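Trainee: I'd like to ask some things about the structure below.
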Amino acid sequence: MPVASGPAREVDDINWTWPAAGAVVASFDDARNKGLGIAGKPGDPIFAAADGKVVYAGSGLRGYGNLVIVKHNNSYLT
């Protein structure tokens, strides 16, 4: 399994890693964008940002397309 580039960050005992190799094309904006947009093309690998449990996978949340939500602890979802 490839290792994401960049240093990992420790927050609340979670070892965060970058989930994809693409450039950030849309930044977080509380009013408009609740996450980051990362450039990529079909077939590019995507990794969980940290260990956790998948709590949702699907396309049923309007406006999000195909989505996987990982619960890392009681405070953090990605």
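Trainee: Being open to solvent by 70 Å² or more (accessible area, probe 1.4 Å) and under 18 Å from Tyr76 (Cβ atoms) is the filter; apply it to the range 43-53 and report the residue that is farthest from the chain's Cα centre (by Cα).
Mentor: First pass over the range 43-53, keeping only residues open to solvent by 70 Å² or more (accessible area, probe 1.4 Å): 43, 45-46, 51, 53.
Within this subset, residues satisfying the condition of being under 18 Å from Tyr76 (Cβ atoms) are 46, 51, 53.
On the way: Ile46: 8, Asp51: 11, Lys53: 13 Å.
Filtering the range 43-53 for residues that are open to solvent by 70 Å² or more (accessible area, probe 1.4 Å) and under 18 Å from Tyr76 (Cβ atoms), the one farthest from the chain's Cα centre (by Cα) comes out as Lys53.
Trainee: I need the full set of residues from the range 62-78 which are at pLDDT 90 or above and either acidic (Asp, Glu) or assigned to a loop (DSSP other than H, G, I, E, B) (or both), in order please.
Mentor: The answer is His72, Asn73, Asn74, Ser75, Tyr76, Thr78.
Trainee: Kindly establish whether Tyr56 is at negative phi, surrounded by 13 or more Cβ atoms within 10 Å (Cβ to Cβ), at pLDDT 95 or above and within 14 Å of the chain's Cα centre (by Cα).
Mentor: Values: at negative phi: yes; surrounded by 13 or more Cβ atoms within 10 Å (Cβ to Cβ): yes; at pLDDT 95 or above: yes; within 14 Å of the chain's Cα centre (by Cα): yes.
Considered against the rule, which asks whether it is at negative phi, surrounded by 13 or more Cβ atoms within 10 Å (Cβ to Cβ), at pLDDT 95 or above and within 14 Å of the chain's Cα centre (by Cα), Tyr56 comes out as yes.
Trainee: Between a first residue in the range 18-42 that is open to solvent by 100 Å² or more (accessible area, probe 1.4 Å) and a second residue that is of a type in the set (D, E, K, R), which pairs have beta carbons less than 8 Å apart while being 6 or more apart in sequence or on different chains?
Mentor: These pairs meet every condition: Ala21/Asp44; Phe28/Lys34.
The values are calculated or read from the model by the stated rules, or taken from the named source; none is laboratory data. All of these numbers come straight from a predicted model, not from anything done at the bench. Note that each Cβ is placed from the backbone with ideal geometry, even for glycine, and that neighbours are counted across all protein chains shown. Areas reflect the complete protein model, heavy atoms only, side chains present, ligands, DNA and RNA absent. Shrake-Rupley method; radii C 1.70, N 1.55, O 1.52, S 1.80 Å.
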